[in-house]
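Every number here is computed from the coordinates shown, using simple stated rules; none is lab data. Quick caveat, the model's predicted, so the values are computed rather than measured. Here the Cβ positions follow ideal geometry from the backbone for every residue, glycine too, while neighbour counts run over all protein chains shown.
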């Protein structure tokens, strides 16, 4: 959710590191990348197999992966990766060249990757050369996102699964491991905003389920993939949060959501401190106010249930055109992933 609270510039370590190292205008490059990612076209989809047998959209036989420098791997049977993209001018090219070099052939997993911010992150990671596993509950949306990646020359796995179901997640992780090996980049993006309403009326079991999806599921995934990252001395973990964590009182009648995002950030910063110096970075990303299905769902709720003030704020943001597109938000994260900065709270508003 959008928040006027901004993280001090000193905390945006990754973005500043890239800019300082290359002496370039990162903001300008981001605008070009966002425009390009937003322009990716949906092409032919592929047949989806049942959720019990997760679909691979890369039409290549499974072969042992060959090791390479820095822990990245490449399937020896796969064709050379597509040529690096020309992002429009030398400034943009230099920013994304660094990110491309760091992410090329890395194995990435994006939860909630079927739509919105998660989809935009998945598409952007693939454009930068990563092999992207897209995980979400909606099989159709997962299929569409993965098809967009493969139709433009990338590598993708479609993983229909509910992050709140440990068995489904375990099956998805097994599919990734068998196909590509260890996960090297994890974006925990899946989340729910419900239940909304006066706290005295909230079903405690719904509240607990929201915490389990927004916090426990992200932590479980992280703990599962962490040993593989540590063994390679390289890993990137990003937990997508919200500006509400900086100002919990700004979104009344959303106690579960506010609690979960604050807890997710505490988990992130604590783990980052523990892993400092290992080559595995752990950071928070606050994506800003983005035009997503979650925002649309809030606008459709009864103002008497969620509060007239909250409902009006979300309605006004939409009607006034102040919301970002998913691609605009995603690109602000993508440019930071090459950095070795860890324990940071990255806020999209600090990059605009």
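Scanning segment 246-274 for residues that are in contact with a helix residue (DSSP H, G or I) (Cβ under 8 Å, 6 or more places away or on another chain), in contact (Cβ under 8 Å) with a residue 40 or more places away in the chain and farther than 14 Å from residue 211 by Cα turns up 250, 251, 252, 253, 271. Among helices (runs of 4 or more DSSP H) entirely within segment 260-352, having at least 1 residues that are over 27 Å from residue 105 (Cα atoms) singles out 293-299, 303-306, 308-319. Considering (1) closer than 30 Å to residue 186 by Cβ; (2) touching a residue at least 24 places away in the same chain (Cβ under 8 Å), the lone condition that residue 314 does not fulfil carries the number (2).
Residues that are touching a residue at least 40 places away in the same chain (Cβ under 8 Å) and in contact with a strand residue (DSSP E or B) (Cβ under 6 Å, 6 or more places away or on another chain) within segment 118-141 comprise 118, 121, 125, 130, 131, 133, 135, 139, listed in sequence order. Only a single item in (1) under 19 Å from residue 239 (Cα atoms); (2) free of Cβ contacts under 8 Å to residues at least 60 places away in the same chain is not met by residue 145, and it is number (1). Take the conditions more than 21 Å from the chain's Cα centre (by Cα) and not in a helix (DSSP H, G or I) and apply them to residue 197. Does it pass? Yes: the conditions hold for residue 197. Considering only residues of segment 162-182 that are touching a helix residue (DSSP H, G or I) at 6+ places or on another chain (Cβ under 6 Å) and surrounded by fewer than 24 Cβ atoms within 10 Å (Cβ to Cβ), which is nearest to residue 327 (Cα to Cα)? Across segment 162-182, the extreme among qualifying residues is 162.
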